[in-house]
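The values are calculated or read from the model by the stated rules, or taken from the named source; none is laboratory data. This one's a predicted model, so the numbers in the text were calculated from it and none came from an experiment. Cβ sites come from the backbone with ideal geometry, for glycine too, and all protein chains shown count toward neighbours.
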Amino acid sequence: MLDKVAPRKALFRAAFRDWWDAQLPSFRVRTDYSSARLIFRAGYASGRNRDLSRYTFKAGRFRITVWADGPAEAKQKAREEADFRATRKGWSAPKGGWNLEELK
């Protein structure tokens, strides 16, 4: 989860390009490319994770979104992601651990 792999981005780009090319010209004319990309991203993410639920947490300055089977697994993934982001920025994790606040 913490290793950001480039092939996922490449798969998304290819899937979006195929979807965009399959649309009728009338749809492409009346729809902004960036708006279509946002719409497609939402559907693509939810379709790819259809057996999982989406959880969003606030951990310090971070807003972290994870896909998990349940709340316990989601909190664990969010803690790992918060540690990863803090390390990437050169910060240390809080001594008492991350205080996760679930956002609805």
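In this structure, residue 57 does satisfy being under 27 Å from residue 11 (Cα atoms), assigned to a strand (DSSP E or B) and in contact (Cβ under 8 Å) with a residue 24 or more places away in the chain.
Can you report the number of residues in segment 44-63 which are among the small types (Gly, Ala, Ser) and at pLDDT 85 or above?
Taking segment 44-63 as the starting set, the residues that turn out to be among the small types (Gly, Ala, Ser) are 45-47, 53, 59-60.
Right, trim to at pLDDT 85 or above and you get 53, 59-60.
Result for segment 44-63: 3.
Residues of segment 30-56 that are over 13 Å from residue 17 (Cα atoms), more than 13 Å from the chain's Cα centre (by Cα) and among the hydroxyl-bearing types (Ser, Thr, Tyr): 31, 35.
Every test in (1) exposed (fewer than 13 other Cβ atoms within 10 Å of the Cβ); (2) touching a Phe, Trp or Tyr at 6+ places or on another chain (Cβ under 9 Å) is passed by residue 22 save one, and that test is (2). Counting the residues of segment 66-92 that are outside any helix (DSSP H, G or I), among the small types (Gly, Ala, Ser) and over 18 Å from residue 46 (Cα atoms) gives 2.
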